[in-house]
Each structure stands twice: as C-alpha cells, then as structure tokens.
Amino acid sequence: MIRKWWTRHWRELTVGLCVAVIMVGLHASGLTRRLELLGYDVLVRHFSDVPASDDIVHIDIDDDSLIHFKRWPWPRDVQAELVRILTELDAAQIVLDITYTERQPIDLRPPLLDEATVLEELPRIGALISAQDVFDPDGELARAIADATEICLPFYQREWSTPLSPALQQGVALLVDDFSMTATDIAGATGASPDAVSAHFAEMKRQAARSLVGTVLDENPLADRREIHERILHTPFDRITADRKDVLDAYDHVKGVRALRERMPELPKGLEGRVAVFDEMVPPLFTFTNAADRVGLVGFEPDQEDGLARHVSLLGAWQGRVVEQLGLAVARSTTGMSIDELSTHAAGRTLIPWHVAPSWQECFVHVPVMRLCEIYDVRRAMQDNNRRRELLMDEAVLQVSGEAGLAERRRECHELALLRHQGDAASAELLEARIKTNEADLVQLVREEWAVLQEEPDPNDPEIAEDYARFREAHALIANDVQALEAVNSALDVEAMELLDGLRPMIAGRVCFVGYTATALADMVSTPAYARLPGVMVHSQVYNSLVQGESRSSATLPTQLMIVFAAGVIATGVTCLVGVTSSFLIVLLLIAGAFSVNAWVVFERFDHWLPMVTALVSVFVTWAIVLMFRLLVTDRQKRRFSR
C-alpha cells in the first residue's frame, strides 16, 4: 500500500522536498532575516506580557521645561537643585541619563540683575557684586551627586574612527617629545603628506596630550590642572595659548577615565572572550564620577537590517573591567545581583523583554520635570529675596556701624561664600551661625536705640540729630523692607513644602530615571514596541525586565532550520493525501495553529522567540507549488487518456 502510494505521489513528494530545502537555504542565508524581525515586532506589540515594576518613575525633561528655562543645556546648579529635590523626596535611586563630559564655566550672577534691568543701573549693581554672586555649576552638581542616597551616571563609547597611519603615529611620538611642534614640522620630520598631517593633526595633538598628562599623573596622582599645564607647556597657567585647551581637555579625559575604571568591577575570568570588548570610552567629568555611586553604559546597537533597537549588550569588557549597561547597573544595585550570577546568560547581545502599553507615556509612572522646576523656582525666588535682604542689612550695618562695620560684615559673607564653594559645610555652618547672631544683635540694638531716640522731644537737637537720622533709617530698613522680604519668604517656604508633599507619594522609595522626552532634543530610539521611544525608557525597560526576573531567549539557527524543513514536509504530505479544498483548509489551520501556539504559549508564556515566519510561508508556498504540480500532472494524464 505504501509502495503504491509512493509510486503514485513520488513526483509531488520530490517537488515538495525540493521546495522545503530551498526555503531552508533561504533562511540559512539570512535572506528572510528581515521578515522574521517584522514577525518579532508583531509578537512584541501584541503578545509581550512583561509586567511593569511599581518602583520605576520617569522624570521627563519635556518641551515645556525647555521653554521654561529658554536654553539647553540648563546650568548645572539648576540640575543640582533638581537632584537635591529628588533626594529630599526620598528617591531610592536617581538615574541621570544626561551626559556630563565637558566643564561648565563659573557663572557670575550680579544681584538685582534681571530682564528688567536698564543700562544705567549697571554701575550700581556692579558695586554690589561679591563672592556670593559667583556660582560654580560643576561644583554644585558634584556636591548634589555626593549627597544623594544612590545615584548612577552614564558614559558612552566613542564613535569608531580610522586609526592613524604608522607615519602619523610617529608624529604623535614626536609631539610627546615636543608638544609645540606644528603640522608642518611633523610632516617634515616623518615624511608624511602635509595634507594628511593637517587632516589628522587635532587627533594627534589629543593623543599626545593624553599621553603626557597620563605620565604626569602617574608621577603625582594629585596633580591639578595648573601643575599639569605648567609641566607640559612650561608657561604660566593664566597665559592663553593654542595648546592650552588640548592639555586641559586631556587632563579631564585622563582623570575621567581613571575615575571611571575605579567605579567598574573587575572582569571575571569566566567572561573573558565571551563579551564585546570596547576600545575607548567617553567618561563623565571625574568630579561627578567620584561623587556617584554607579556608572552605566548608554547608547544602543540597532539591528543592521532596519535600525530598530531589539537587542542590548548587558555586559562588555574594557581595560580589564566590566562594562555594565545603565539599566543593568541600576538593577544590580537594587537586587544585589553579582556579575557572576549574570555571566551565564548576559554575555553577548540579548533581546530586550518589553513592557508594552498603548503608548510609551503609559509605560511606568511619568512626572514632568516641571513639577520639580516649580519647587526650584520657589526656592530660587527665596534665594534672590535672601540676597536682597542681605543688601538691606548691609545698608543697616552701614548706618549703625559705619564703613568699618560694613567691611567686616562683607568680609564674613565673602568668606562664607568661599567655604560653600569649597564644600566645607562644617566651617560654613559655624560662620553662618555667627553672622546670624551678629544680625540678631544688630536688630536688637536698632530697636532699642530707636525706641530711646523716639522719646526725645527734639529730633533736630544737634547732639542727637545724627544718631536719630541713622537709627531712623536703619529701623525703617529692618522693620519695613527686611520684614517684608522675610514675610514673602515665609509664604514661599510654605508653598515649597506643599509642592514637596504633593510629589513625595510619587517619588519616595522609587527609582527615578531622569532623561529627555523633549522632541527638540531628538533622543529618540526606534524599537519594536514603539516607533519612537525616548532613549531613557529603553534603559528603564532593561531595568524593569531584570528586577522582574524576565529574560527573553531565542531559538538557535539549527532549530529554526529544522522547523522550516519540517513545515515544508508536513505541507507536502497534506497536499498529497487530501483533495484541493481539504488541503487548503488544513494548511490554513496549520498556519493559524502554529502562529497561535508560538504567540500565546512560546512567546507570551515562556518568553522565547521562535522565528516562525519563514516556516509559515514555507507551509503555504510548498502547498501551492505541490498542488500546482499535482494539478498539472493530473491534467496531463487526463489528456493522454482522452487520446
């Protein structure tokens, strides 16, 4: 019976097996890869069942916040205040998806200077400037990071660049010996093309400067920018030269790289050769890295076929250290996972298990950063009022104690500002207490003296007229202007506390991912879950999958090929066994059933991606070709018998 069936259908079976083999070959060659990725995207959007962690909250830097501050990047002392607010709200962790690779200069913000200031007022305002009006944005942010409970900073890999030729590398060695050499000097000494040297001279200077800085820091790890500058350039630090920026940038880079390595765990033996090796990292400023608790790699490697970010490298290697993806670094801090625990399944690029909602705005909790900016604005108004109050107290001191008293008060205020810039909180607190005590004594003296002077029958009496005028002015300043500012600040303080109380339930005890969602900043990533997703949310998705214990595996290529071949064989058998209509219905049921099992059971239930698109196409294509061949053979036989 089997022989009879084989004799009757061997042609169809041969054709079907050939089609199946062809489909296997197409899949093995990667020609159907993009088709499988499209199928994966459908599975992610409709069948990804990863739950959302309640610990995640996003602090969104959106378009409204950019309009509010009218510039980007914001001053780092503003960002420092936002970090302090999150710390004050008891955030469990703060994840800053904002790169800090360059310094922000010290900023001078004169008192009483705002958008309404007219040119004629500048001389008076300039006379009031003191150390209190000098802001160190980087210092403020570094202190805020150090004071935070737990904070993670990002770094990224430098884009690949063409290596320097041997002749240009020789030029780098010459620059190490004499950093003042010009491109023309290098071309003449190495025999390289002047055009080639000119095109790569900036990179050559950069490499030479980093080598020189590294040598000095090896000798004296505590060397500062001034010492580095004078050792390499042999010129005073305050002399602006063409090479000054190269050396100072190299100092920040070398210090940043060393600080970054100290924050990374050592590479376990089990990971050697199993993870991607990175060449060069762009670190945050070393002052920030030293203050932070953790660091994590940002940046994605989209699939080459269509540019979508489906995979992520959780672990990598760099200079004998483990490179952790940002989401992984945060998750390890939360869960206490060790690198050894991860090394068995986190090596290489892994699929991201997506938590999917109707829109990315509905993924996790989102708090517009403007909610924090409202608190910042209130406190900034309080700071401005305090500065105005200090100026009013200066005038009162001048009236009571004269120029000598005012000079002593300004000296103390100047010293207080310096202590704060230096981060000496203990000394600053003691000095601030002394200044407040002196102010309280002054207020008490003015009130007592003014009360006595008011009892005098004749204010114009030459013996008391001068004192009367001085204390009247001082009392008016304290009783009216100073108290009015203090009343305003009391109301503002209440407003700030109310704003904090409104935010605390959303922030306390949670991991806060701070990043861009503003369309103007274009930090958007194409993903299978959403066409455009803020990059910071990819990191939170990675974090979410790790803390939820979710991982997504995929079938090996041999398994995929076996399924494709089996699909073709089954379709061939069905087509040979039953009639046209029945085989068509069975093929449709096979396709629907295989898709359903793959989607609801394999993908949704077991988080395993089994690429099935090629197999399902193989079922239909094999059925169609075998059926056509069968009909042609049958028609041919009928015509032959009819003759």
### Query
Fully extended, how many nm does the chain gain between PHE278 and ASP195 (0.36 nm per residue separation, minus their Cα-Cα distance)?
26.9 nm
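Which value, in debye to the nearest 20, describes the size of the charge dipole of the range 339-468 about its Cα centre when Lys and Arg Cβ atoms bear +1, Asp and Glu Cβ atoms bear -1, and nothing else is charged? Don't skip to the end; give the middle numbers.
Numbers: 14 positive and 27 negative charges, 283 e Å.
Computed charge dipole of the range 339-468: roughly 1360 debye.
How large is the charge dipole for the chain, taken about the Cα centre, if only the Cβ atoms of Lys, Arg (+1) and Asp, Glu (-1) carry charge, to the nearest 20 debye?
So the dipole magnitude of the chain works out to roughly 6940 debye.
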### Query
What distance in nm separates the simple spin-label points at ARG380 and MET506, each placed 7 Å from Cα in the Cβ direction?
2.0 nm
### Message
Restricting to bridges with both residues inside the chain, how much of the DSSP beta-bridge set is antiparallel, in percent to the nearest 5?
### Response
35 percent
### Query
Which net charge results when you count Lys and Arg as +1 and Asp and Glu as -1 among the other residues whose beta-carbon is under 13 Å from that of THR519?
-4
### Task
Would you grab the residues whose amide H sits under 5 Å from the one on VAL50? Only those 5+ places off in sequence or on another chain, please, with H modelled 1.01 Å from N.
VAL356
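Taking R0 as 22 Å, what FRET efficiency do you get between ASP238 and ILE106 from their Cβ-Cβ distance, rounded to the nearest 0.05?
Numbers: r = 14 Å, r/R0 = 0.66.
Efficiency computed from Cβ-Cβ geometry: 0.95.
Would the range 200-309 count as rounded, prolate or oblate if I go by the C-alpha gyration tensor, calling it rounded below 1.5 in a/c and otherwise prolate when a/b exceeds b/c, oblate otherwise? It would help to have the intermediate numbers written out before the result.
Numbers: a/c = 2.40, a/b = 1.73, b/c = 1.39.
It is prolate, given that a/c is not under 1.5 and a/b is the larger ratio.
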### Query
Based on the Cβ-Cβ distance of GLU415 and LEU577, what FRET efficiency does E = 1/(1 + (r/R0)^6) give at R0 = 56 Å, to the nearest 0.05?
0.05
### Summary
Under 5 Å from the placed amide H of MET264, counting only residues 5+ away or on other chains, we find none
### Message
Sort 407-416, 199-208, 141-150, 540-549 by packing, meaning the average of other beta carbons within 10 Å per residue, with the highest value first.
### Response
540-549, 141-150, 199-208, 407-416
### Note, ³J(HN,Hα) from phi for the range 376-385, Karplus 6.51, -1.76, 1.60, rounded to Hz, x at Gly and Pro
4, 4, 5, 6, 5, 4, 5, 5, 4, 5
### Task
Could you calculate the contour length gain from ASP147 to MET497, that is, 0.36 nm times the residue separation minus the distance between their Cα atoms, to one decimal place in nm?
124.0 nm
### Task
Quote to one decimal, in nm, the extra length available between ALA202 and MET628 on full extension: 0.36 nm per residue of separation minus the C-alpha distance between them.
146.6 nm
### Task
For a quick protection proxy, order the peptides 311-321, 354-364 by their average other-Cβ count within 10 Å, most packed first.
311-321, 354-364
### Task
For the range 52-67, take each phi angle, set θ = phi - 60°, evaluate the Karplus expression 6.51 cos²θ - 1.76 cosθ + 1.60, and give the result in whole Hz per residue in order, putting x for glycine and proline.
8, 6, 6, 7, 8, 9, 9, 9, 8, 7, 9, 4, 4, 5, 5, 5
### Query
If we count every other residue with Cβ under 11 angstrom of GLU429's Cβ, Lys/Arg +1 and Asp/Glu -1, where does the sum land?
+1
### Task
Convert each backbone phi in the range 192-208 into a coupling constant with the Karplus relation 6.51 cos²θ - 1.76 cosθ + 1.60 (shift: θ = phi - 60°), then list the ³J(HN,Hα) values in order as whole Hz, x for Gly and Pro.
6, 5, x, 5, 5, 5, 4, 5, 10, 5, 4, 5, 5, 4, 4, 5, 5
### Task
Could you tell me the distance between the Cα centroids of the range 44-59 and the range 583-632, to the nearest Å?
30 Å
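Ranked from highest to lowest mean number of other Cβ atoms within 10 Å per residue, what is the order of the peptides 32-43, 290-301? Can you show the working numbers first?
Values: 32-43: 17.9, 290-301: 20.1.
Ranking, from highest mean packing down: 290-301, 32-43.
When a/c reaches 1.5 or more, the comparison of a/b and b/c decides; with that in mind, is the range 148-236 rounded, prolate or oblate per its Cα gyration tensor? Walk me through the numbers on the way to the answer.
Working: a/c = 2.98, a/b = 1.45, b/c = 2.06.
It is oblate, given that a/c is not under 1.5 and a/b is not larger than b/c.
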#### Entry: Formal net charge of residues neighbouring VAL488 (Cβ-Cβ distance under 12 Å; K, R +1; D, E -1)
-3
### Cβ-placed point charges (K, R +1; D, E -1), dipole of the range 394-513 about Cα centre in debye, nearest 20
920 debye
### Task
Return the long-range amide H neighbours of LEU314 (sequence gap of 5 or more, or a different chain), with a cut-off of under 5 Å between placed amide H atoms.
THR350
## Note on the structure
Rounded to whole angstroms and listed largest first, the alpha-carbon spread of the range 371-417 along its three principal axes comes to 45, 20, 7
### Task
Please give, to one decimal in nm, the separation of the simple spin-label points placed at ASP41 and SER596, each 7 Å out from Cα toward the Cβ.
2.7 nm
#### Entry: Pairwise label distance in nanometres, THR335 with ARG225, each label 7 Å out on the Cα-Cβ vector
4.1 nm
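Just so you know, all these numbers are worked out from the coordinates, no wet-lab data involved. The shown structure was predicted, so the numbers you read here are calculated from the model rather than taken from an experiment. Counting neighbours? That spans all protein chains shown, and the Cβs are built from the backbone with ideal geometry, glycine included.
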